[in-house]
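Chemist: Before anything else, here's the structure in question.
The values are calculated or read from the model by the stated rules, or taken from the named source; none is laboratory data. In this text the structure is predicted, and so the values were computed from the model without any measurement. Backbone-built Cβ (ideal geometry, glycine too); neighbour counts: all protein chains shown. The area values use the complete protein model at the heavy-atom level, side chains included, leaving out ligands, DNA and RNA. Shrake-Rupley method; radii C 1.70, N 1.55, O 1.52, S 1.80 Å.
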Amino acid sequence: MSMSTTHAPSPVSARPRIVIVGCGFGGLEAARALADADVDITVVDRTNHHLFQPLLYQVATAGLASPAISAPIRRLFREQRNVTSLLGEVVDIDTQGQAVLLQTGESLPYDHLVVAAGATHSYFGRDEWAAHAPGIKTLADATEVRRRILMAYEEAERIHDPVQREALLTFVVIGGGPTGVEMAGTLAEISRRTLPGEFRHFEPSHAHVLLLEGGSRVLQAMPPELSRRAEEQLKALGVDVRTGAKVTHIDEQGLEVETASPAEGAAAAGEAGARYTIRSKTVIWAAGVAASPLGRILQRHTGCETDRAGRVTVEADLSLPGHPEVWVIGDLAAARSHHGNELPKPVPGVSPAAKQMGRHAAANLRRRLQGQATLPFHYRDYGNLATIGRNSAVVDLTSPVGPIRFSGWTAWLFWLVAHIYFLIGFRNRLMVLFDWASAYWSSQRYARIIANNEPHRSRAARAPDQPPAAPPPGEA
Ligand SMILES: Cc1cc2nc3c(=O)[nH]c(=O)nc-3n(C[C@H](O)[C@H](O)[C@H](O)COP(=O)(O)OP(=O)(O)OC[C@H]3O[C@@H](n4cnc5c(N)ncnc54)[C@H](O)[C@@H]3O)c2cc1C
């Protein structure tokens with residue numbers, strides 16, 4: 001690889017140079033854990049903000065504005081003098097020459113590298129679907145999805161053809177994981193609680209919200225009992241939940257679905273193997289995840305293994321095989337949790353795991369700098385939560401006395417408190433608390449701003465890893 005210029009972010013010093021790629025949950029935690037270390041850290045991210053992804057669906061559904069769930073990276077490191085923050089996209093990693101290459105052509109030399117670039121959407125080889133069924137991974141994605149949802153209602157008010165109006169008022173979410181469940185539940189609430197009374201030519205509460213899941217149940221990471229309760233709560237909100245529903249085609253008009261055989265999933269509409277079409281102008285993708293392309297780049301340069309999702313298989317201590325100076329963490333790592341004599345278990349792609357890996361990689365990095373042996377990673381699993389809508393959620397907690405499972409209003413309250421607690425920054429917590437409290441009493445979603453009212457039909461095609469055009473300045 002060719003490297004044109006070398007970036008020297010801090011004055012030349014003899015201190016070890018640490019480069020951290022990505023300031024999401026893993027990267028931020030790694031940098032913070034090195035706050036008192038005698039090192040020079042450069043944190044490079046392609047956005048200028050740290051993002052709390054678990055609440056992205058709230059931005060996509062107009063419940064929160066973008067600044068409520070994000071924080072400027074530069075601000076986060078204001079007091080941490082050993083960190084230089086750089087805005088830039090890493091496009092290559094020279095593991096032999098120990099430098100990362102930015103899109104601008106600059107290179108950042110390192111003594112130790114932490115790669116925490118996260119994941120993106122996977123359309124299972126059907127990248128052309130991305131233009132018709134955007135996913136939510138970034139703030140730009142979420143504001144685009146919000147635009148499409150709000151524009152569908154606006155167009156339905158103007159269009160009098162019943163077939164076209166029905167397609168505009170049909171909202172389809174693909175994927176019954178936590179994000180899909182949250183999106184579908186909130187879309188149903190928007191149509192039934194937020195919008196009634198605001199349109200003159202149709203009844204918003206008649207909008208059809210579908211949640212399609214290819215497997216036999218929603219929330220497959222949770223016990224079947226909680227999946228069943230989540231499905232009941234979704235149905236009570238008015239969501240048409242279809243399990244065993246495999247999407248075979250998506251275009252501008254809608255999508256084609258094939259019903260799975262009973263062995264693969266529960267019966268959906270019609271016979272197993274039957275195909276049917278859903279006409280919809282708003283399809284949201286919450287189905288597949290692929291690791292950042294930097295995983296494949298590391299594979300190309302070092303011959304390391306990657307799994308089907310492109311995640312890098314790391315050593316027990318989270319380092320890259322054959323490269324003790326490189327650490328791969330978070331959603332980009334196919335890591336295993338090591339505990340005593342138990343068989344190592346795969347670590348899930350969730351934020352607590354990314355944070356724990358960030359802290360662990362930082363601790364091992366220090367040990368390596370001090371010439372000590374590194375330690376294997378152990379993931380502490382505290383459980384899973386998912387919200388479905390106002391007053392409804394499911395919680396599955398891990399405790400020393402066994403699992404603690406509950407659903408409904410208490411689960412929703414627990415979910416709410418946990419998310420406010422884990423949000424970054426006092427101001428963000430206050431903003432979210434205030435917005436949620438006012439939404440609770442009024443059923444209003446105050447971030448219903450359409451900054452770019454381009455109609456549905458002129459969607460620009462884009463590849464899944466390419467963010468849509470950034471919203472205009474001041475967009476929230
Ligand atoms: C919609 C959604 C909802 C979720 N809900 C939950 C939930 O409820 N609970 C939960 O535990 N987990 C949830 N997750 C998963 C959780 O957010 C991830 O597991 C976690 O963010 C992983 O942390 P990470 O540090 O590996 O990556 P990320 O947090 O994704 O951070 C990666 C960072 O790297 C930057 N980056 C990427 N590529 C480059 C590059 N080439 N150059 C420079 N910078 C780059 C990105 O801009 C980003 O800042 C959700 C994820 C999504 C998308």
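Chemist: At N341 and F414, where each label point lies 7 Å from the Cα along Cα→Cβ, what is the point-to-point distance in nanometres?
Modeler: So the label points at N341 and F414 sit 3.3 nm apart.
Chemist: Give, to the nearest whole percent, the P(r) tail of segment 332-459 beyond 21 angstrom, counting all Cα pairs.
Modeler: Looking at segment 332-459, the distances longer than 21 Å represent 61 percent of pairs.
Chemist: Moving on. Which value, in Å² and to the nearest 10, is the accessible area of T179 when all protein chains are kept and the probe is 1.4 Å?
Modeler: Solvent-accessible area, nearest 10 Å²: 60 Å².
Chemist: Here's another thing I want to ask about it. Would you kindly find the accessible area of K281, with a 1.4 Å probe and non-protein molecules such as ligands, DNA and RNA excluded, rounding to the nearest 10 Å²?
Modeler: My reading of the accessible area for K281 is about 40 Å².
Chemist: To continue, here is another question. For R445, what residues show an amide H to amide H distance below 5 Å, using hydrogens built from the backbone and excluding near sequence neighbours?
Modeler: Here nothing satisfies the definition.
Chemist: OK, next. I need the GluC sites (Glu not before Pro) found in segment 175-222, filtered to DSSP loop residues with at most 11 other beta carbons within 10 Å of theirs.
Modeler: Filter output for segment 175-222: E198.
Chemist: Over all directions, what mean area does the Cα convex hull of segment 289-381 project, stated in square nanometres?
Modeler: If I average the Cα hull's projected area over directions, I get 6.0 nm².
Chemist: At 20 °C and 1.002 mPa s, what whole-number value in µm²/s does Stokes-Einstein give for the translational diffusion of the chain, with Rh from the Kirkwood sum over Cα pairs?
Modeler: This corresponds to a translational diffusion coefficient of 91 µm²/s.
Chemist: Separate question: Give the long-range amide H neighbours of H49: residues separated by 5 or more places, or on another chain, with amide H under 5 Å away, using H modelled in the peptide plane at 1.01 Å from N.
Modeler: I73
Chemist: Next question. Provide the per-residue ³J(HN,Hα) series for segment 284-290, in order, calculated from phi with Karplus coefficients 6.51, -1.76, 1.60 and θ = phi - 60°, each as a whole number of Hz, with x at glycine and proline positions.
Modeler: Values per residue, Gly and Pro as x: 10, 9, 9, 9, x, 10, 10 Hz.
Chemist: Moving on to the next point. Order L423, L430, most accessible first, counting only protein heavy atoms with a 1.4 angstrom probe.
Modeler: Descending accessible area places them as L430, L423.
Chemist: Hey, another quick one. How large is the Kirkwood hydrodynamic radius of segment 90-239, counting all unique pairs of alpha carbons, in Å?
Modeler: 18.5
Chemist: If you don't mind, another one. Rounding to the nearest 20 debye, state how big the charge dipole of segment 16-159 is about its Cα centre with +1 on each Lys and Arg Cβ and -1 on each Asp and Glu Cβ.
Modeler: With Lys and Arg at +1 and Asp and Glu at -1, about 420 debye.
Chemist: May I ask you to list, by number, the DSSP H helices of the chain whose Cα span along the axis is at least 18 Å and whose average Kyte-Doolittle hydropathy reaches -1.0 or more?
Modeler: Details: long enough: 139-158 (29 Å, -0.61); 224-237 (20 Å, -1.02); 351-369 (27 Å, -0.86); 409-422 (20 Å, 1.26); 426-442 (24 Å, 0.13).
Span-like helices in the chain: 139-158, 351-369, 409-422, 426-442.
Chemist: Suppose each label sits 7 Å from its Cα in the direction of the beta carbon; what would the F434-D307 distance come out to in nanometres?
Modeler: The answer from the label model is 4.2 nm.
Chemist: Also: Ignoring ligands, DNA and RNA, what percent of the accessible area of the chain is carbon or sulfur (1.4 Å)?
Modeler: About 54 percent, which is the carbon plus sulfur part of the accessible surface.
Chemist: Roughly how many whole Å is it from the C-alpha centroid of segment 202-251 to that of segment 371-407?
Modeler: If you average the Cα positions of each part, the centres end up 23 Å apart.
Chemist: Calculate the dipole size of the chain relative to its Cα centre from +1 charges on Lys and Arg beta carbons and -1 charges on Asp and Glu beta carbons; express the result in debye to the nearest 20.
Modeler: Dipole magnitude for the chain comes out near 840 debye.
Chemist: Around V39, with a cut-off of 11 angstrom between Cβ atoms, what is the net charge of the other residues, counting Lys and Arg +1 and Asp and Glu -1?
Modeler: Its environment carries a net charge of -1.
Chemist: On a 32 Å Cα-Cα criterion, which of the cross-link pairs K235/K345; K246/K345; K235/K355 come out too long? Walk me through the numbers before you get to the answer.
Modeler: Values: K235/K345 34 Å; K246/K345 29 Å; K235/K355 34 Å.
Beyond 32 Å between Cα atoms: K235/K345; K235/K355.
Chemist: Once phi is turned into ³J(HN,Hα) by the Karplus curve 6.51 cos²θ - 1.76 cosθ + 1.60 with θ = phi - 60°, what whole-Hz value does each residue of segment 312-321 show in order, with x for glycine and proline?
Modeler: Those phi angles translate into 7, 6, 9, 5, 4, 8, 6, 8, 7, x Hz.
Chemist: Output ³J(HN,Hα) for segment 55-65: one whole-Hz value per residue in order, computed from phi by the Karplus curve 6.51 cos²θ - 1.76 cosθ + 1.60 with θ = phi - 60°, and x for Gly and Pro.
Modeler: For segment 55-65, the Karplus curve yields 9, 4, 4, 6, 6, 5, 10, 6, x, 9, 8 Hz.
Chemist: Calculate the dipole size of segment 124-215 relative to its Cα centre from +1 charges on Lys and Arg beta carbons and -1 charges on Asp and Glu beta carbons; express the result in debye to the nearest 20.
Modeler: In total the dipole reaches around 140 debye.
Chemist: Tell me the per residue accessible area of the chain using a 1.4 Å probe; a whole number in Å² is fine. Don't jump to the answer; show the numbers that get you there.
Modeler: Values: 21340 Å² over 476 residues.
In whole numbers, the chain has 45 Å² accessible per residue.
Chemist: Turning to a different aspect of this structure: Return a whole-number percent for the relative contact order of the chain, with Cα pairs under 8 Å and 6 or more residues apart as the contact set.
Modeler: Rounded, it is 19 percent for the chain.
Chemist: Hey, what D do you get for segment 175-261 in µm²/s if you plug the Kirkwood alpha-carbon radius into Stokes-Einstein at 37 °C and 0.692 mPa s?
Modeler: The estimated diffusion coefficient comes to 237 µm²/s.
Chemist: Round to a whole angstrom and tell me the spacing of the C-alpha centers of segment 110-127 and segment 146-192.
Modeler: Result: 30 Å between the Cα centres.
Chemist: Given the protein chains as shown and a 1.4 Å probe, how many square angstrom of C304 are accessible, to the nearest 10?
Modeler: Counting only protein heavy atoms, the figure is 10 Å².
Chemist: Another question, then. How big is the convex hull of the Cα atoms of segment 60-131, per residue, in Å³?
Modeler: About 168 Å³ per residue, rounded to a whole number.
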